[in-house]
Amino acid sequence: MADSKQDILDMLRELAELTMLEEGDPQSFRVRAYESAAQGIESQSTDLAKLTAKELEKIDGIGKSTAAKIRQLLETGKVDKLEGLRQKHPPAIVALTRIQGLGPKAIKRLRAELGVQSVDDLRRVLAEHKLRELKGFGPKSEDKLAESLARLDAQGQMGRTPVSVALPLAERILARLRDVPGVTHAAYCGSLRRFAETIGDVDIVVAAAAAEPVMASLVSMNVVERVLVQGAAKTSVVTHRGTQIDLRVVAAHQLGAAQLYFTGSKGHNIKLRMRALARGWTLNEYALSEIEGGKVVASETEEAIYSALGLAWIAPVLREDCGEIEAAEKGTLPKSVGAVIGDFHLHTSLSKDAKSPMEAMVAAAKARGHRVFAITDHAEGTLAGVGRDAFLEQRAQVRALQAALGDSMRLLHGVELNIGPNGELDYDLEFRRGFDWCLASVHDHFELDRAAQTRRIVTAMQDPAVRMIGHLSARVIGGRPPIDLDLDAVFDAAEATGTALEVNGSLPRLDLSVEVLRRARDRKVTFVLTSDAHEAGELERVRFAALNAERAWIDPERIANAWAPERLLAWALDKSRGTAVA
Ligand code: DGT
Ligand code: CA
Ligand code: CA
Ligand code: ZN
């Protein structure tokens, strides 16, 4: 049921994306129609597979022709319109949309006028300076595109899939594979299980009585564009968005060895194999076994294998060959974050870019077991933000909800302020101080130089009302690069002012990044894990923030919402820190 909804959403989003390329216009009537249809579908909670075309048309945003496409998808698994668009705009073309500064209109012209059909073609016409000859383009546009390309190359992200795309894709594939008769376990491994930011390919390991039906199930899925390998031990496919999926099916008694092997990292595996060898054993994807005679020492669970090797189980996010094996041996692995009992960055439908009303957000927070919950809609400096009156009205609503909630959860009336190019913030200090909780973040002027970016962040930190900086780098993984910052100066200011740094769990952002978290690890900075949810279902994203913190070996002692409830609440309500507080 959830699956057909997801399939429909995928179809509508792909239709919107390909239509954009088709028409060379992101704002065309048709593109917007598909987008609003997706919005209509998203709000549905009934089983969409049961609805007739007529019933589908009653959903907001769904017209006759969209309803027909949905029925065709549900009945045949294929949609003629989409198949046609895919023919005309293959994955190599879609890949061009990942290049910053290259919109659908330009892509259309590059194809028509210069025959550009791939990123490599684009590289070639840039090198040959052919672009500047086109009307409306010039040497400047060539430089800009060359820069975007170089940045993608440097990040090694061309051809890699952002985790925000790979994770939901993997979850959906797993849900289907678990329904195949004979399957007892299905899990993703590889860099995705280690929670890397970008994923080369998605590695899936399944335990099942027989491999063939599992392989066949993957090959038959809607998301699959072509099959690279279909064998008894391994099947590899590529999705329409260009992500490779590797599937291995093993017997249940080999599951632990397979998961361990295919989770990697390669460096981690090599060290484990060396430990095995030193004991006269060999470790491969099937088992840990004796070299002489081949007797199996352990294979069914990862725990059993680590334990036989004299190690505590090592969380996948730590398996990067950066001292984790030595730490597991000595019993000094970093503690896991544990329960996250609060959220300090999330939006209600008061923000123009968010969906769920406050009541729904609060109910979902309660269900998660949150003890402190700061509602932080956008201030007016952001396009999606609202003015003073709306916030004052919301404050009354928060107080009323609090009265009804009693002591089970503490609601904070907060705000996400926008940091202007010179560090200026919304409203005035008195109004900002009227909030229980202020975070401040960058939403524009990404191009300022290092000195200016650092200055604006530090200025915002010095504001007596600001308690936390949101998504410090403002990056989008596989999209917008991080703003240029003097991180040491930022950490100095965070220490001096007592301003917390957010670990944003939104998958496209994951900001602070692991790299920056590692650099901040030994500073006296307080971190806060947040969901930055724009709808109730997204509150779960604090879990991703926790994974990122764990990946960076952050001590949970440094994470405010991993503390005991009383300590967290006292800290959250402590507004004493001003410019001079050390
Ligand atoms: P990716 O896909 O580039 O994001 O990174 P991984 O880590 O998922 O790498 P991948 O997909 O090539 O392989 C998955 C895991 O399987 C890898 O982390 C370790 C293991 N593995 C695969 N091939 C080899 C190999 O030739 N040697 C060793 N030692 N391990 C391998
Ligand atoms: Ca992989
Ligand atoms: Ca792989
Ligand atoms: Zn936000």
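Quick notes on this structure:
- With both residues required to sit in the chain, DSSP beta bridges show an antiparallel share near 40%.
- Per-residue packing, averaged as other Cβ atoms within 10 Å, sorts the ranges 140-151, 248-259 into the order 248-259, 140-151, beginning with the highest.
- Point-to-point label distance, Ile291-Ser408, nm (Cα→Cβ direction, 7 Å offset): 6.0 nm
- For the peptides 362-373, 431-442, the ranking by mean Cβ contacts within 10 Å, running from highest to lowest, is 431-442, 362-373.
- Accessible area of the chain belonging to carbon and sulfur atoms, whole % at 1.4 Å probe: 52 percent
- Model label zone, Arg132; criterion: amide N under 13 Å from point 7 Å along Cα-to-beta-carbon; scope the stretch 86-124: none
- Surface per residue (accessible, 1.4 Å probe) for the chain, Å²: 43 Å²
- Plainly put, the stretch 185-237 has a radius of gyration that is 0.97 times its Kirkwood radius, both from alpha-carbon atoms, as the Rg/Rh ratio.
- For the stretch 16-134, the direction-averaged projected area of the alpha-carbon convex hull comes to 8.3 nm².
- Local electrostatic count, Gly61, Cβ distance below 12 Å [Lys/Arg +1, Asp/Glu -1]: -2
- P(r) tail fraction, the stretch 93-154 - alpha-carbon pairs more than 12 Å apart, %: 65 percent
- For the chain, the mean residue ellipticity at 222 nm estimated from helices alone is -13000 deg cm²/dmol, where every DSSP H run of n ≥ 4 contributes -39500 (n - 2.57) and the total is divided by all residues, rounded to the nearest 500.
- Leading residue at positive end of dipole, the chain (Cβ point charges), from Val238, Ala95, Gly24: Val238
- Inverting the pair-averaged 1/r between distinct Cα atoms of the stretch 164-297 gives 15.4 Å as its Kirkwood hydrodynamic radius.
- Highest average packing first - 540-546, 327-333, Cβ atoms within 10 Å: 540-546, 327-333
- On a per residue basis, the convex hull of the C-alpha atoms belonging to the stretch 257-330 measures out at 70 Å³.
- Using the Cβ of Thr263 as centre and a radius below 10 Å, the other residues enclosed give a net charge of +1, where K and R count +1 and D and E count -1.
- Applying the criteria of a DSSP loop state and at most 10 other Cβ atoms within 10 Å to the GluC sites (Glu not before Pro) of the stretch 419-463 yields Glu447.
- Once the Cα gyration tensor of the chain is diagonalised, semi-axes √(5λ) in Å: 37, 34, 26
- Summarising the strand pairing of the stretch 394-545, around 5 percent of its internal DSSP beta bridges are antiparallel.
- When only the Cβ of Lys, Arg, Asp and Glu is charged (+1, +1, -1, -1), the dipole of the stretch 257-330 relative to its Cα centre reaches about 160 debye.
The values are calculated or read from the model by the stated rules, or taken from the named source; none is laboratory data. Small disclaimer: the values here were computed from a predicted structure and weren't measured. FYI the Cβ positions are ideal-geometry reconstructions off the backbone, even for glycines, and counts take in every protein chain you see. Side chains included, ligands, DNA and RNA excluded: accessible areas come from the protein's heavy atoms. Shrake-Rupley method; radii C 1.70, N 1.55, O 1.52, S 1.80 Å.
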